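Reading through the structure tokens given below for one structure.
All of the numbers you see were taken from the coordinates with simple rules; none came from a lab. In this text the structure is predicted, and so the values were computed from the model without any measurement. Please note: Cβ atoms are built from the backbone with ideal geometry, for glycine as well, and neighbour counts cover all protein chains shown.
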Amino acid sequence: MRNGRGCKPPLRFFSQVLLIIFFSPLVAYAHFDEVHALVQTRRYTEAIHKLEALAESAKDIAVKSWCYYQIGEIYYNYTHQYIQAAGAYDKILKLEKKGLPVEELFLAIIKKGDVYTRMGNYHDAIQTYDRLIKLAPATHFVHKTGLQKIRDINSALADLREQQRIAIQYKGTPLGVIAQFQIAELYRNHSQLNQPTKAITKYEELLATHPDATVAPEARWRSAHLRHTVLHQSALAMATYRKVIDDYPASNFAAEALFQIANIHRTAEKYSLAIPVFEKMKQRHPNFWNMHAVIYWTGVCYEKKLNYPKAIEAYETFLHAYLPHLDPGYLGQISMHDKSVSEVKTQIHRKIQTLAEQMAETELDRLNTAHADRNFSAALGIARKLIANAPHTPQAKQVAEQLSTLQHLAAIENLQEQLQTNSLPPIEAARTRLQIGTIYEQQLEDYPKALEAYEEVSKYHADLMYSAEALYRSGFVYAEQLSTPNEALEAYKTVIATHPNTLQAMMANFQLGELYRKLNRYGEALQAYESTIGYPERDRYLAGGHKDSFADRAQFRIGRVHYDDGRYKEAHFAFEEFTKSRTKSPRLAAAYIYLAAINENQRNITDAAEFYKKAETLLMDSPVQMAALIEEASTLGNLQATDSDTVMRFLKEHQKRLNMR
């Protein structure tokens, strides 16, 4: 979702270049840079004509294939002329009898199937992927790719019908809005319905009728991001990003929109326009998740503008405040996904000239004074400069440890200032108060302060959807952080009573079940879980084709409640039904373990061994199933496992003992 590369062409546009290096004449290279430049400057017709001329004159099959592939990509990704794109890929397929490498044939078939999905012609897309399945050996990864694409389309179409039904049944309610959003998401996702233009239409329909919905900021941002990264409509994308910022300034997506606007300017080499946007982000959204990239790209822009002191300051801040704590997976946000942290560190060091360390102690005193005065924005600015200008001093190291906390406190300070102006509309005020509570809860772990903020949302905005979220979060804090179940029960029940047709009500029912189960109030737990299942499901797709939801968890917990209460017959029935109705559940292996344990206790050794074997089969090469098993059944019987090796060893040894009986 988050892409720091601005509006550069996607990498797949050049995916066949390596093939040309080994199989084609050098003539291709001269044209490659020229075609690339034409695409960068949006001169698509010229690029296509040049590629067509090269294909016509080329005798080398690899060069012809590459030309047609690039033509198809331009039609598909940039001009959105899908019939012409399909025609280009067909020209590649016609080269099969002339010795086209099978890998290029497979790629062309996949791309043609993608074109059909983009056109909404799912029947022909499935037939195309089916051709791939028949051509590729069963062990080849493209065979599995074809199978997965067909499964994804069929699953998405089924989900679309279900969400359309929910949207009609719950029209005008928050659940109906969520269904509308899910429909747009199905169209947006490349691996599902792959129709970005239709997705934008669906997002806009939602925004037209429900501009204040909780998902409205994300819907607006998704529209902008599709125009930006998929449809390559930079001007429209910029205008839509600005609407996110104007309409939903307190949402996380306002920060995302600013970041993308800055990157569009940066990749277009308009550094004077990018710098003020990056600087605005540092002021308005100091706790932005991608702040390391904001700091780094600010340095790049200052460097390009020859403002070296500012560039050095930004690079030093990145190097000493962010890089040491950065997950390597986030290096892609600064276009260094192919480098290690140590390589990035070396590269940044080369950019930085030696800085004199100045006035470290004085700067720390200034910071402490600002902090004591609760002027957190000023304290944060001092901290960043201290770390940048004197990174190796004890003071800088001390401040670096406080940086994350200062960022969150500064964000709260900014939000509170917005509330104090008394000019925010009720919706925005509610969203702002909720955001304050979320920062206190999830980032600062200051739970009393979080509860105060959530109580303000409920007090001042009781009729708005944000009140439901605040009540739900309060219940979660009481239950999970403060271990005060009575207060948690009251909060969850209030959500259900005051906001019944909401996701929060559904989740509150589930959390009630969890609390009652831990309190051994099994009858009430079962009732709460049954209520959870009664809501429309909101699925979450996991790796390996697994599908999770609160309903899935609730149905599984029903079996656990019966088991914990000693009602093994009811537990057996519940888990057996679960394995039949939840075939894509991440808890399937855990359900088999429970069934095995029940049968073993009842001395049904053959059945117990069979269920253990089913669990073992599911767990092989499935981290999703393994994680769910360890969460749900790791202390069951003699299992006592916290890692996958222990689980697999237990299953093999236990089956062996059972078979010897």
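Dividing the alpha-carbon Rg of the chain by 2.2 N^0.38 Å yields what?
Against the empirical 2.2 N^0.38 Å value, I get 1.10 for the chain.
Give, rounded to the nearest 20 debye, the magnitude of the charge dipole that segment 424-533 has about its Cα centre when Lys and Arg contribute +1 at Cβ and Asp and Glu contribute -1 at Cβ.
Rounded to the nearest 20 debye, it is 180 debye.
Please name which of Q655, I605, A628 has its Cα lying farthest along the dipole of segment 578-661 towards the positive end, using unit charges on Cβ (Lys, Arg +1; Asp, Glu -1) and the Cα centre as origin.
I605
Do any trypsin sites (Lys or Arg not before Pro) in segment 81-169 lie in a DSSP loop with no more than 15 other beta carbon atoms within 10 Å, and if so, which?
For trypsin sites (Lys or Arg not before Pro) across segment 81-169 that sit outside H, G, I, E and B with at most 15 neighbouring Cβ atoms in 10 Å, the list reads K94.
Compute the separation of the alpha-carbon centres of segment 458-523 and segment 281-304 and state it in Å as a whole number.
Cα centres, segment 458-523 to segment 281-304: 37 Å.
Counting only C-alpha contacts under 8 Å and six or more residues apart, can you give the relative contact order of the chain as a whole percent?
Computed value for the chain: 6 percent relative contact order.
Nearest 500 deg cm²/dmol is fine: what mean residue ellipticity at 222 nm does the chain get from its DSSP H runs of n ≥ 4 alone, each adding -39,500 (n - 2.57), divided by its residue count?
Estimated from H runs of four or more residues: -22500 deg cm²/dmol.
Please give the FRET efficiency for K59 paired with V102, using the beta carbon to beta carbon distance and R0 = 25 Å, rounded to the nearest 0.05.
That pair, K59 with V102, gives E of 0.75.
Using the 10 angstrom Cβ neighbour count as an exposure proxy, how do V344, V215, V244 rank, fewest first?
So the residues, fewest neighbours to most, are V344, V215, V244.
Take D463, D539 and order them by how many other Cβ atoms sit within 10 Å, fewest up front.
Placing the least packed residue first, the sequence is D463, D539.
Pairs K270/K339; K282/K385; K171/K202; K59/K97; K614/K652; K59/K98: which exceed 18 Å Cα-Cα?
The answer is K270/K339.
State the Cα centre-to-centre distance between segment 200-226 and segment 537-580 in whole Å.
34 Å
About its Cα centre, how strong a charge dipole does the chain have in debye, to the nearest 20, once Lys and Arg get +1 and Asp and Glu get -1 at the Cβ?
1840 debye
So between S483 and W289, what do we pick up on full extension, going 0.36 nm a residue minus the alpha carbon distance?
Residue separation times 0.36 nm, minus the Cα-Cα distance, leaves 66.9 nm.
Round to a whole angstrom and tell me the spacing of the C-alpha centers of segment 182-199 and segment 431-455.
34 Å
Treating the beta-carbon of each Lys and Arg as +1 and of each Asp and Glu as -1, no other charges, what is the dipole magnitude of segment 266-354 about its Cα centre, to the nearest 20 debye?
Roughly 280 debye, rounded to the nearest 20.
Expressed as a rounded percentage, what relative contact order does segment 266-354 have, with Cα pairs under 8 Å and six or more residues apart?
For segment 266-354, the relative contact order is 24 percent.
If we count other beta carbons within 10 Å of each Cβ, what is the order of K64, K310, K652, fewest first?
Fewest to most other Cβ atoms nearby, the residues stand as K652, K310, K64.
Taking +1 at the Cβ of each Lys and Arg and -1 at the Cβ of each Asp and Glu, which of G87, F575, Q283 sits farthest along the dipole of the chain towards its positive end, judged by Cα position relative to the Cα centre?
Result: G87, furthest along the dipole toward the positive end.
Tell me which of N414, L451, H562 sits at the most positive position along the dipole axis of the chain, charges placed on C-beta atoms (Lys, Arg +1; Asp, Glu -1).
Checked the options; the winner is H562.
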